Amino acid sequence: MEFVSFVLIYFFLTFSVIGYGFLFSKYLTKYNKYSNIGYTGLYGIFTLTLISYLSNLFFKHDYLHNSLIILMGFLLSIKYFFLTKDFLKKKDNKYFFFFLILSIFSILYFKSHDDFPYYHLSFISNLTASKLEFGIGIFDLALNHISSLFFFHSLLKLPFTQDYFYFLGPALILIFFNTIIFKEIFNTNSKIITFHNFLSVLIFAFINTFFYRLAEHGTDRSAIILIFLCILLIFQILIQKKLDKKKLENFLILITFIVSLKSFYGIYGLLFFVIYFKFYNFKKINIFYKDFKIINISILFGLLMLFYNIAYTGCLIYPLSITCAQSFTWGMDISTIEWAGNFYELWSKAGATPNYKVENPDEFIKGFNWFKIWIDNYFYNKVTDNLLGLLFLVLIFIAVFKPKKIKINFPKQYIAFVTILFLFFCEWFYNHPSLRYGGYHLVALFFIIPLALILFEQKYIYSKNIKKIKIVLLITLMVFVGRNINRIVDEYEVYKYNPLKSPFYNINKSNDYTLFDRKNNILKKSNNCQNELKGRESCKIINSYRIFYLNKLE
């Protein structure tokens, strides 16, 4: 019975998200009104995140607040989805329902992401317990990792969900992505299989075989999935002589959300200029603005993201110390921020793990001092396993399609774009060479793009080779389901996890979401600040907002 209610709640929340997507599509997009359900679903996540940003300025995300918002979304989905015959006729809706059912295998897990008890749950729980508070970053570094996905998830705590549905964001991003890709593959007017078709199939295969375990997605892999989608859009836009405004509007929405998922993805905002300067110039900025009023929503979204960073940490972008202002009384110590930034870099360069830490970390992260240890401790076996998996993926495509000639004709329209991707790779490798920190897609593209170009040069007739595409897709789906079933069996053997009896993931209560001060004294949350803090931290109320700050007198 718990399993049935779990799945029904999952479907209910999903349709609520889609309801807001329909609303966004109808009133806020210019070129994507009633877009396919894959993009509509992504619009819904985007809209709910924006609502979360705005509402937490004034309200805590408690049961009443969240129930009203989620119920409204479900009612919108009934109006715009179930009662609109045109949507029921579209093939992509069938793809959506197929992937929704298939996703049940991935949402059943016992062991969540390693960072979930560390900072995901504590951050979300603070949003559900309080409206905006200034300076809470001084209590725990975990509260400084601001992500739009946490704001989205904070709306999901309901009387019948509690803290057990915070997988919804990654699950829906994967579902909607797959829905979009299937439409791109099967709805084509080309007589031959295009470069974009092959690229779509390759990316679909990569994501669903490498990212099959939903519990590992966190905020990183969700961003990577959306980056892949943006890359597909950019390739489509650049190859055309006339700007596809529908695709560019989708790109603007996606890139805004990607940047908000994790601060270091801000660099991907540069991809916008690759498109802009192909079709516009500095003098045409007014024309661009008239064409894409959606940019107003992107600007609002970005400003809110920066505002919450400032409110929590005193920095525009945490942990970049150059973006932090000492004038904010609630801001963190610059030395603490610099230490955090260096430690994250140390961790990504294999200089620290839960079991060890190198001597002299500051010297270790400079230049390429870290390279040898990174090779020993991370390249073997993390990167090598990934490379072997990619090589196996390439061999499957070669075995299925059997290309007769190895030839790459690289369109000149792609040169600037691919050059920027290479610069992104260099930045990633030099500063944070961990696959989860933005490396999975950059490494994969070195294999995927050349292979897609080679297969495209064969000029395969679409109608005669569609069965081969279906074979690859079927293999991918079998791997996705098989690996998830194997994972569930393993979790049953290790943790006695029986999803049919109790499908909920484990929440480690020893790592609960109580705030601690620097002396590990539990802080009681109250409606005022009197006698609340007795350590180095202090609190005061200004215009009903609680502001926590370091006591400078001590």
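The values are calculated or read from the model by the stated rules, or taken from the named source; none is laboratory data. Small disclaimer: the values here were computed from a predicted structure and weren't measured. Cβ: placed from backbone, ideal geometry, glycine included. Neighbour counts: every protein chain shown.
Regarding Tyr265, is this residue farther than 15 Å from Leu226 by Cβ, hydroxyl-bearing (Ser, Thr, Tyr) and either assigned by TED's automatic domain parsing to the domain that holds Ile136 or surrounded by fewer than 18 Cβ atoms within 10 Å (Cβ to Cβ) (or both)?
No, not satisfied.
Can you confirm whether the stretch 175-188 contains a residue that is hydrophobic (A, V, I, L, M, F, W, C) and farther than 21 Å from Gln236 by Cα?
For the stretch 175-188, residues hydrophobic (A, V, I, L, M, F, W, C) and farther than 21 Å from Gln236 by Cα: present.
Quick one: in the stretch 428-470, of everything that is surrounded by 15 or more Cβ atoms within 10 Å (Cβ to Cβ) and of a type in the set (Val, Ile, Thr), which residue is farthest from Lys382 (Cα to Cα)?
This residue is Ile466.
Scan the stretch 212-224 residue by residue and report those that are surrounded by fewer than 20 Cβ atoms within 10 Å (Cβ to Cβ) and outside any helix (DSSP H, G or I).
Arg213
Of these, Phe447, Phe410, which one is of a type in the set (A, V, I, L, M, F, W, C) and part of a helix (DSSP H, G or I)?
Answer to the check: Phe447.
Has the stretch 402-416 got at least one residue that is loosely packed, with under 12 Cβ neighbours inside 10 Å, closer than 21 Å to Gly439 by Cα and touching a residue at least 12 places away in the same chain (Cβ under 8 Å)?
No, the stretch 402-416 contains no residue that is loosely packed, with under 12 Cβ neighbours inside 10 Å, closer than 21 Å to Gly439 by Cα and touching a residue at least 12 places away in the same chain (Cβ under 8 Å).
Do any residues in the stretch 428-444 that are closer than 21 Å to Thr353 by Cβ and in contact (Cβ under 8 Å) with a residue 60 or more places away in the chain have Cβ atoms under 6 Å from those of residues that are assigned to a helix (DSSP H, G or I) and of a type in the set (Lys, Arg), where the two are at least six apart or on different chains, and which pairs are they?
Correct list of pairs: empty, since none qualify.
Being without any contact (Cβ under 8 Å) to a residue 24 or more places away in the chain and farther than 14 Å from Asn431 by Cβ is the filter here; which residues of the stretch 347-363 pass it?
Scanning the stretch 347-363 gives Ala352, Pro354, Asn355, Tyr356, Lys357, Val358, Glu359, Asn360, Pro361, Asp362, Glu363.
Would you check if Ile488 is at pLDDT 55 or above and more than 30 Å from Phe110 (Cα to Cα)?
no
Check every one of the helices (runs of 4 or more DSSP H) wholly within the stretch 275-376 and list those with 2 or more residues that are among the acidic types (Asp, Glu) and closer than 23 Å to Tyr437 by Cα.
334-348, 361-364
Of all the residues that make up the stretch 52-64, how many are in contact with a Leu (Cβ under 8 Å, 6 or more places away or on another chain) and either crowded, with 18+ Cβ neighbours inside 10 Å or basic (Lys, Arg) (or both)?
Within the stretch 52-64, residues that are in contact with a Leu (Cβ under 8 Å, 6 or more places away or on another chain) and either crowded, with 18+ Cβ neighbours inside 10 Å or basic (Lys, Arg) (or both) number 5.
Would you please name the residue that is surrounded by the fewest Cβ atoms within 10 Å (Cβ to Cβ), looking only at residues in the stretch 268-289 that are in contact (Cβ under 8 Å) with a residue 24 or more places away in the chain and touching a helix residue (DSSP H, G or I) at 6+ places or on another chain (Cβ under 8 Å)?
Per the criteria, the residue is Leu270.
Suppose we filter Ile231, Ile227 for residues that are in contact with a Leu (Cβ under 8 Å, 6 or more places away or on another chain) and either assigned by TED's automatic domain parsing to the domain that holds Thr29 or part of a helix (DSSP H, G or I) (or both); which single one remains?
Sole residue among the options that is in contact with a Leu (Cβ under 8 Å, 6 or more places away or on another chain) and either assigned by TED's automatic domain parsing to the domain that holds Thr29 or part of a helix (DSSP H, G or I) (or both): Ile231.
Results for (1) surrounded by 17 or more Cβ atoms within 10 Å (Cβ to Cβ); (2) small (Gly, Ala, Ser); (3) at pLDDT 95 or above, shown as yes or no for each residue.
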residue	(1), (2), (3)
Leu8	no, no, yes
Lys26	no, no, no
Asn36	yes, no, no
Gly44	yes, yes, yes
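Trp374 is checked against (1) under 20 Å from Cys426 (Cα atoms); (2) surrounded by fewer than 16 Cβ atoms within 10 Å (Cβ to Cβ) and fails just one. What number does that condition carry?
Only one criterion in (1) under 20 Å from Cys426 (Cα atoms); (2) surrounded by fewer than 16 Cβ atoms within 10 Å (Cβ to Cβ) is unmet by Trp374, namely (2).
Filter the stretch 153-194 for residues that are among the polar types (S, T, N, Q) and within 30 Å of Asn465 (Cα to Cα); which is nearest to the chain's Cα centre (by Cα)?
Within the stretch 153-194, the match that is nearest to the chain's Cα centre (by Cα) is Asn178.
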